[in-house]
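Bear in mind these aren't lab numbers, they're just calculated from the coordinates by the rules spelled out. In this text, all values refer to a predicted model and were calculated from it rather than measured experimentally. FYI the Cβ positions are ideal-geometry reconstructions off the backbone, even for glycines, and counts take in every protein chain you see.
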Amino acid sequence: MKPRYERPVLVRHGLGGANKFGALPGLRSMKTFEGIPVDELVRQYGSPLFLFSERILRDRYRELKDQLARRFANFTMAWSYKTNYLGAICKVFHQEGAWAEVVSGMELKKALRAGIPGRQILFNGPAKSAADLDLAFREGVRVHFDHLDEILLAEKTASALGIVPEVGIRVNISELPVPTWDRFGFNLESGRALEAVRRIVRRGKLDLRALHAHIGTFIQEPDAYRMAAKALGKFAITLEAEEGVRIDAIDLGGGFASHNTLHAQYLPGEEATPSFGQYVERIAAGFDEAYDGPEPPHLILETGRALVDDAAVLISTVLGNKRLLDGRRAVIVDAGVNILPTAWWYRHEIHPAQDFYGTAEPTVFFGPLCMNIDVVRDRIMFPPLQVGDRIVIGHVGAYNVTQWMQFITDRPNVVMVSSRGEHGLIRRAEDFETLLAQEEIPSWL
């Protein structure tokens, strides 16, 4: 019988690569994580597997803290719970001195359960219930309001408790070199923020002390923070002069970029992402422009992604290979977008976890889901892989373990590795019983 014809595949191979900025980094294997062999960790905890470095978490926090201490005498760093609220991750940052920044009643309870004093918790978000506000006010949490209906609810709650709590409002700013997040808070330029302040002052049921602005996410333009700091500083000065309101804290939120690379980004994140020092210098410049003489209010930052993203990797195992019609090699691995939703935003770094041989060629990595959208990386130059080989997916610490979902496959173990070579679970893998635990079947079925 005549063999079936298969169209030949032509793959261009090169001795190296470069862009207009210089040589591209070469592929390297990552056989260890913080000195522990990847194979050893997978044997103990399974695959796929999230690994967090305690050392990198602490190093990133201290790096930003040191930069702030160079320019500000009075500042606070608050850990953004929504970025990653696993207890061990939060504990590391709290041990370093971070307050807690939460955006829901669930996160508020988690911070209180972790032993964080209410005075060291900032409560943001657009959906605070009466029960959330009651708990927050009882614990002395500073609440930042998002809309007028929330202010009215807070006034009723505070009156019922017989207290006048210290609060803040969220402000959005249009005149910045980033998209305006006007769905949150009160716009500054339109006068809505001033109207909200006047309403709070005239009712006299809340004590306005703080202005909060979170200007966006993955901000790669540090000067946006200068402009935001200047705008809030001038607004605070206006409030004191015209309304008698003394603002004691300006909260610039978070939004600093990590070293990941966005899909639409030309330069890799390691080159394009500003340093902490660049962000801090621009914030300081904004305060200098707003406060010519008087001491600026207490500065608060609610950094998340930039502190945790670089501290984690995801280990995944090769399940199979195939060739796509466009000539790309396709590799199926056991980690999909259900546990790595950031694959839709980033071109994640991927490294082999063993010695590699053969010529690199355009490769796409698919996860194990029976869904066409389950693409971990759509195009990367990679050497051949065999079933059972492992890959290391980098910069996965932010949002994945809060936005992941139980879909088709179970969510895996999450492990932390200490600087002393210790390692242990910080979240246990799900199993079949986990899937069934919350289900109910009505009696009539």
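Couple of notes before you dig in:
- Hydrodynamic radius by Kirkwood, which averages 1/r over all alpha carbon pairs of the stretch 197-316, in angstrom: 15.9
- Residue 406-residue 159 FRET efficiency (beta carbon distance; Förster radius 60 Å; 0.05 resolution): 0.90
- All C-alpha pair distances within the stretch 280-377, sorted into 5 Å bins from zero, spread as 2, 9, 16, 17, 12, 8, 6, 6, 6, 7, 5, 4, 2, 0 percent across the bins.
- Charged side chains reduced to their Cβ positions (Lys and Arg at +1, Asp and Glu at -1) give the chain a dipole of some 760 debye around its Cα centre.
- Angle in degrees between helix 130-139 and the longest Cα principal axis of the chain, rounded to the nearest 10: 70
- Each residue of the stretch 376-383 is assigned a 3J(HN,Hα), and the resulting list reads 7, 7, 7, 6, 7, 6, 8, x Hz, derived from the Karplus form 6.51 cos²θ - 1.76 cosθ + 1.60 (θ = phi - 60°), x at Gly and Pro.
- Among 95, 444, 376 the positive-end extreme of the charge dipole of the chain (Cβ point charges): 376
- Size of charge dipole - the stretch 124-303 - debye, nearest 20, with Cβ of Lys, Arg +1 and Asp, Glu -1, no other charges: 620
- The chain: relative contact order as a whole-number percent, Cα under 8 Å and 6+ apart: 19
- Packing-based ranking of 394-403, 124-133 yields 394-403, 124-133, ordered from highest to lowest mean Cβ neighbour count within 10 Å.
- Legend: calculated FRET efficiency, residue 149 to residue 40, from the Cβ-Cβ distance at R0 = 60 Å, rounded to 0.05, equals 0.65.
- Shape metrics for the chain, restricted to C-alpha atoms - Rg then Dmax, Å: 24.8, 93
- Computed from the Cβ-Cβ distance with R0 of 45 Å, the FRET efficiency linking residue 32 to residue 248 stands at 0.40.
- Peptide ranges 313-326, 263-276 listed from the most packed, as the mean C-beta count within 10 angstrom indicates: 313-326, 263-276
- DSSP-defined antiparallel bridges as percent of all bridges, the chain, nearest 5: 45
- Residue 426 long-range amide H proximity, modeled H, under 5 Å: 414, 415, 416
- Greater than 22 Å apart at Cα, pairs in 82/205; 110/230; 128/205; 205/230; 128/230; 82/110: 82/205; 110/230; 205/230; 128/230
- The long axis of helix 223-243 is offset from the longest Cα principal axis of the chain by roughly 20 degrees.
- If you model the stretch 124-303 as an ellipsoid using its alpha carbon gyration tensor, with each semi-axis the square root of five times an eigenvalue, the axes come out at 30, 19, 14 Å, biggest first.
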